[in-house]
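The values are calculated or read from the model by the stated rules, or taken from the named source; none is laboratory data. Predicted, not measured: the structure shown is a model, and the values here were computed from it. Cβ coordinates were reconstructed from backbone atoms using ideal geometry, including for glycine residues, and neighbour counts include every protein chain displayed.
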Amino acid sequence: MDESLLMALIQTIKANKELMRVLDILDENQFQEYYIGAGAIVQNIWNKATEKPINYGVTDIDIIYFDSKDLSEKAEELKASSIIELFEYETLKLDIKNEARVHLWYKNKFGYDIPPYSSLEEAIDSWPTTATAIGVRRNSNDWIIYAPFGVNDIFDLRLVPNNRLITKEIYENKVNKWKKEWLELKSEAWNDNKVPIKYPEPLSIMIK
């Protein structure tokens, strides 16, 4: 993976006080098996590239974790509450989800069943586009980045469909929504070919 782009990604996140506050608090409270994913990360890169304000278009910060021992909605609510209580205030809403239980509600929301995820990384592997399939967390001075398709498409403002899970309709709805906010985005048409996973393991980068 392009190290210069990874450093640019981290520097963009570090320039965002709200994102750093979340990462710092989770790190200070020794949360380890989680990621901040998708929109809050990617849209800040888009904002910098298109000279928009920090957090333009960002409606929430997605925090994902994995707990297959308790798949109840109540346990997820308690986990979310325990994280939110760490913050004196919220500028951006925190959307906290247990990826181990996504298959329990997916059909009600999207109309079809999916198999259970086996890990956070497998969940990210299935996210709608190659650009938005990304998760970031901190462990002291280590930045852990999971980007199975790399980060080039993020910086190139390119939307490429990842058809491992979603439908053509879901992809096109997301593309249309994003292009209304970021006119510079370029999108590829839906196709049935799976984009190969290039980086199946999280990367760790130490920054003091």
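Key figures
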{"item": "Region 9-36 residues that are within 17 Å of Val151 (Cα to Cα), paired with ones that are modelled with pLDDT of 95 or more and part of a loop (DSSP other than H, G, I, E, B) (beta carbon under 8 Å, 6 or more apart)", "result": "Leu9/Val151"}
{"item": "Conditions (1) within 15 Å of the chain's Cα centre (by Cα); (2) farther than 14 Å from Ile134 by Cα; number of the one not met by Ser4", "result": "(1)"}
{"item": "Residue match in region 157-177 (condition: in contact with a strand residue (DSSP E or B) (Cβ under 6 Å, 6 or more places away or on another chain), of a type in the set (Asp, Glu) and more than 20 Å from Tyr56 (Cα to Cα))", "result": "no"}
{"item": "Tabulated pairs, region 174-192, first of a type in the set (Ser, Thr, Tyr), second assigned to a helix (DSSP H, G or I), C-beta under 6 angstrom, 6+ apart or interchain", "result": "Ser187/Val175"}
{"item": "Residues that are closer than 27 Å to Leu183 by Cβ, assigned to a helix (DSSP H, G or I) and in contact with a helix residue (DSSP H, G or I) (Cβ under 7 Å, 6 or more places away or on another chain), drawn from region 15-40", "result": "Leu19, Ala40"}
{"item": "Some residue of region 47-60 being modelled with pLDDT of 95 or more, basic (Lys, Arg), under 28 Å from Lys180 (Cβ atoms) and in a helix (DSSP H, G or I)", "result": "yes"}
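Okay, residues lined up against (1) more than 17 Å from the chain's Cα centre (by Cα); (2) of a type in the set (A, V, I, L, M); (3) within 30 Å of Gln11 (Cβ to Cβ):
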| position | (1), (2), (3) |
| --- | --- |
| Leu159 | no, yes, yes |
| Leu165 | no, yes, no |
| Glu181 | yes, no, yes |
| Leu185 | yes, yes, yes |
| Glu188 | yes, no, yes |
| Tyr199 | no, no, yes |
